[in-house]
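The values are calculated or read from the model by the stated rules, or taken from the named source; none is laboratory data. In this text the structure is predicted, and so the values were computed from the model without any measurement. Here the Cβ positions follow ideal geometry from the backbone for every residue, glycine too, while neighbour counts run over all protein chains shown. These accessible areas exclude ligands, DNA and RNA; they are computed on the full protein's heavy atoms, side chains included. Shrake-Rupley method; radii C 1.70, N 1.55, O 1.52, S 1.80 Å.
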Amino acid sequence: LYTSVPELPSFAYDYLRGISIEEAIKRVHALGGLALVAANSPYVVRDRAQMSALLDRLHALDRAGADAFIVANPALLSLLSSGRRRLRAELHLSSVQPCFNARALKFFLRFGIRRLILPTQLAPLEARELLALCRREGVETEIFDYRFFGCVYVNGRCNLHVPRYHTFRDAA
C-alpha cells in the first residue's frame, strides 16, 4: 500500500475513503503486504508546535505498523533518523528529492535510508553509478515511473501536483 494522509506533508491526497490509515495498515499486513506512507513534500515549513505535532503523528503511524515513510525533506529525514525521534519503520528517499549522483546519495545515506526511489529524470549513466552504490550499501532501489513528472526541485513550473494530472476519470 502506497498512501498518504491529509495531515502529513505530501503530494498525494486522501486516498483512503471510509477507512482510517491505521485500519488500512492492519488490513494490508493481514494480506501479507507492506504499508508505505508518503511524507514527501519538500515544504515542511513549520513552527515548533506544528513540527512537534507532525513528528507525533508520524510516530503514531510508526506504532500502528507503517513499514516505511517516503520522505524528501532533509530536515525531516534528520529528525526521523536520530535521537529520541528515531523511527522503527524504514525511511525511503522520495523520487521528488533529486538524487542524481553518488555524492548526493552518500549525503542521504547518513540518514539511514533503506530504499532510494530513483527520480524519473535520471540519465542511464547516472543510474548505473547510483545502482552500484546502492548494491554495495545494501539499499533497495525503486523506479517510480510517473509520465507527467517535473518535480519542483528540478522544475519550478512542475505540474505533478495539479489534480488534473493524477486524478482518475471514468473511461466511458
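Numerical summary
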| quantity | calculated |
| --- | --- |
| Length-normalised contact order for segment 15-100 - Cα pairs under 8 Å, 6+ apart - percent | 32 |
| Length added when fully stretched, Arg136-Ser20, from 0.36 nm per residue minus Cα-Cα | 37.9 nm |
| Projected label distance in nm at Tyr43 and Arg85, using a 7 Å step from Cα toward the beta-carbon | 2.0 |
| Protein-only accessible surface order, largest first, of Arg48, Arg115, Arg63 at 1.4 Å | Arg48, Arg63, Arg115 |
| Under 5 Å, built H, 5+ apart or other chain: amide partners of Glu90 | Ala68, Phe69 |
| Backbone HN-Hα couplings from phi across segment 95-101 [Karplus 6.51/-1.76/1.60, Hz, Gly and Pro as x] | 5, 7, 9, x, 10, 9, 7 |
| Sequence-distant residues sharing a close amide H with Ala64 (under 5 Å, placed H) | none |
| For Thr120, solvent-accessible area (1.4 Å; no DNA, RNA or ligand), Å² | 60 |
| Nonlocal amide H pairs with Thr141, under 5 Å, H built at 1.01 Å | Leu116 |
| Mean projection area, nm², convex hull over Cα of segment 5-94 | 5.7 |
